[in-house]
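Participant: This structure is in structure tokens; I'll ask about it shortly.
The values are calculated or read from the model by the stated rules, or taken from the named source; none is laboratory data. Since the model is a prediction, treat every value here as computed from it, not as a measurement. A quick note on method: Cβ atoms are made from the backbone with ideal geometry, for glycine too, and the neighbour counts reach across all protein chains shown.
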Ligand SMILES: [Zn+2]
């Protein structure tokens, strides 16, 4: 069953060069890219660094998976088919503690729609629901 | 035409400053959706209608047109197929979900066209590209049109990406959490950051959104004048259907079926034509990629500040001297970024909502968005420009501002991705 009532997440089918992110998710690890020459973390994954013209392939590194809730909306009338059965549903922006310049999306499973504690600490979890099939999807839940 | 953009700081005065002018414009009939039957009101039909009106407004002949420019970014969000096509010329998508230069050349029997660009970007940057094309000598008299297409069905619900069980490519990092493409989500998120930082709220947009409707109702061709001719009240706004809380339906422009066309020519030729020329002093674009999944308030603020610097540098005009300011309002949530980034009428960061609460009517001292924008006229994206032209000509009718109207600034779309044009009733020195 789905992690949030009625939610049928579209299943990620990433570009080849973004696959390591999703393979790591299947091992319940959160990874981001890293550009060596400019020592910059990158998420979402890119084919090449935007900041420099290195020809080195971007590396991957595991991050701790701790973050904070920045802001949120509540989706009430989605254009996306798989979300209409789950409305109202939270749509939150999570900044990563290790690098707050990186942000992740979350529907905050376990937090009722509209009752989002802005500024609260969150940790990464993985959506293993049937709809997502064999691909685990990173999610975030409020700590404590 | 390569490298036509003016998207970097440090490019100096625009080389064609004051040497290109808009000498005509035309607006087609506007309706909510195409019925799929009346070909006169199809994309091709509205394009032809607006172009012929623009040509007539300019007082030129069809044979004087030697350049054609348009965009396929019509926001149709779907193709006409698999529905059956019609008899020629409506036997392909061309004319139904976009309208190419070749279609218009053939349909209007234009004999002297030497330059056609059918893949220009959306209207904000495209009008800059049109001015650049005339300045560069690609054409002497160019017609540029921008159709908007809205077919049957709930808007966006026919977009294949939104209906798929899969989130492909770059969407793999957005769609699985409900992010939908287009400007709505990211700008609503930035708006939430804005409200947190400056201790304000969605309610503060009410006077702005109401004034947009008011200006739209002062525009005879607008969607609201023709089809829903009543003023939006504060009550209506606050009780509007919630789309993504706090965004309500009145924050979102109404997708419509319409086209606007503009005639660009050289300053020398403009002086011999019927209309008071509206000269182009500069065009500038933004194409800024945010660092992560969602662009942030900081990134949007810096993007508009940079755009303002580019606009001042290329035009030689201080933004303080801009009389008419028509920035995009496709969602009510991001217009304040333009207001504050350009610091129009001295509005600084965090001050836009106080400015909205002041007198922003066209009759008053701060006639912000005298066009009514998209929220007031329907999602044409062109009213920003046609109003700027009318204000400078002095022909805006009930919308004509009481303050001086000699320099106008208009553009779209979002703070991080947009194109703006500066218009002037004087050529500049
Ligand atoms: Zn780099």
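Participant: Report yes if residue B:75 is under 19 Å from the mean Cα position of the chain (by Cα) and either in a loop (DSSP other than H, G, I, E, B) or farther than 19 Å from residue B:268 by Cβ (or both), otherwise no. Let's see the steps before the verdict.
Facilitator: Details: under 19 Å from the mean Cα position of the chain (by Cα): yes; either in a loop (DSSP other than H, G, I, E, B) or farther than 19 Å from residue B:268 by Cβ (or both): yes.
Considered against the rule, which asks whether it is under 19 Å from the mean Cα position of the chain (by Cα) and either in a loop (DSSP other than H, G, I, E, B) or farther than 19 Å from residue B:268 by Cβ (or both), residue B:75 comes out as yes.
Participant: So residue B:106 clears everything in (1) surrounded by fewer than 17 Cβ atoms within 10 Å (Cβ to Cβ); (2) not assigned by TED's automatic domain parsing to the domain that holds residue B:60 except one condition, right? Which one?
Facilitator: So the condition that residue B:106 fails would be (2).
Participant: (1) assigned to a loop (DSSP other than H, G, I, E, B); (2) farther than 22 Å from residue B:124 by Cβ: which one isn't true of residue B:40, the others all being true?
Facilitator: Of everything listed in (1) assigned to a loop (DSSP other than H, G, I, E, B); (2) farther than 22 Å from residue B:124 by Cβ, residue B:40 misses just condition (1).
Participant: Given the structure, is residue B:174 touching a residue at least 40 places away in the same chain (Cβ under 8 Å), over 30 Å from residue B:53 (Cα atoms) and in contact with a helix residue (DSSP H, G or I) (Cβ under 8 Å, 6 or more places away or on another chain)?
Facilitator: Numbers: touching a residue at least 40 places away in the same chain (Cβ under 8 Å): yes; over 30 Å from residue B:53 (Cα atoms): yes; in contact with a helix residue (DSSP H, G or I) (Cβ under 8 Å, 6 or more places away or on another chain): no.
Answer is no for this residue.
Participant: Sticking with this structure for a sec: Looking at the range A:110-124, which of its residues are buried (at least 19 other Cβ atoms within 10 Å of the Cβ) and more than 11 Å from every other protein chain (Cβ to nearest Cβ)?
Facilitator: To start, the set of residues in the range A:110-124 that are buried (at least 19 other Cβ atoms within 10 Å of the Cβ) comprises A:111, A:113, A:116, A:122, A:124.
Across the range A:110-124, the qualifying residues are A:111, A:122, A:124.
Participant: Let me ask something else. In the range B:336-362, how many residues are part of a loop (DSSP other than H, G, I, E, B), more than 22 Å from the chain's Cα centre (by Cα) and on the phi > 0 side of the Ramachandran plot?
Facilitator: Final tally of qualifying residues: 1.
Participant: For the range A:73-106, enumerate the residues that are more than 7 Å from chain B (Cβ to nearest Cβ), away from the ligand (no atom under 16 Å from the Cβ) and in a strand (DSSP E or B).
Facilitator: Selection gives A:90, A:92, A:94, A:95, A:96, A:100.
Participant: Is it the case that some residue within the range A:42-56 is more than 28 Å from residue A:114 (Cα to Cα), modelled with pLDDT under 95, part of a strand (DSSP E or B) and facing chain B (nearest Cβ under 9 Å)?
Facilitator: no
Participant: Only one of A:12, A:45 is touching a strand residue (DSSP E or B) at 6+ places or on another chain (Cβ under 6 Å), closer than 30 Å to residue B:157 by Cα and within 16 Å of the ligand (Cβ to nearest atom). Can you tell me which? So that I can check it myself, show each step before the final result.
Facilitator: Values: A:12 fails: within 16 Å of the ligand (Cβ to nearest atom).
Selected residue: A:45, the only one of A:12, A:45 that is touching a strand residue (DSSP E or B) at 6+ places or on another chain (Cβ under 6 Å), closer than 30 Å to residue B:157 by Cα and within 16 Å of the ligand (Cβ to nearest atom).
Participant: Output the residue which, of all residues in the range B:294-323 that are in contact with a helix residue (DSSP H, G or I) (Cβ under 6 Å, 6 or more places away or on another chain) and within 14 Å of chain A (Cβ to nearest Cβ), is nearest to residue B:427 (Cα to Cα).
Facilitator: B:300
Participant: Additional query: Which fully enclosed helices (runs of 4 or more DSSP H) of the range B:195-284 have 2 or more residues being outside the structural domain of residue B:133 (by TED's automatic domain parsing) and within 20 Å of residue B:330 (Cα to Cα)? Give the derivation first.
Facilitator: Details: elements: B:206-217, B:223-227, B:234-238, B:267-270.
The qualifying helices (runs of 4 or more DSSP H) are B:206-217, B:223-227, B:234-238.
Participant: Can you find a residue in the range A:16-34 that is facing another protein chain (nearest Cβ under 7 Å) and away from the ligand (no atom under 16 Å from the Cβ)?
Facilitator: If we filter the range A:16-34 for residues that are facing another protein chain (nearest Cβ under 7 Å), which is where we start, we get A:18.
Checking the rest, the ones that are also away from the ligand (no atom under 16 Å from the Cβ) come to A:18.
Taking every residue of the range A:16-34 in turn, at least one turns out to be facing another protein chain (nearest Cβ under 7 Å) and away from the ligand (no atom under 16 Å from the Cβ).
Participant: Could I ask something else about it? Out of the residues in the range B:171-184 that are facing chain A (nearest Cβ under 7 Å) and part of a helix (DSSP H, G or I), state the one that is farthest from residue B:158 (Cα to Cα). Let's see the steps before the verdict.
Facilitator: Taking the range B:171-184 and keeping what is facing chain A (nearest Cβ under 7 Å), we get B:172-180.
Add one more test, that the residue is part of a helix (DSSP H, G or I), and what stays is B:172-173, B:175-177.
Numbers: B:172: 19, B:173: 21, B:175: 15, B:176: 18, B:177: 19 Å.
By that ranking, first place goes to B:173.
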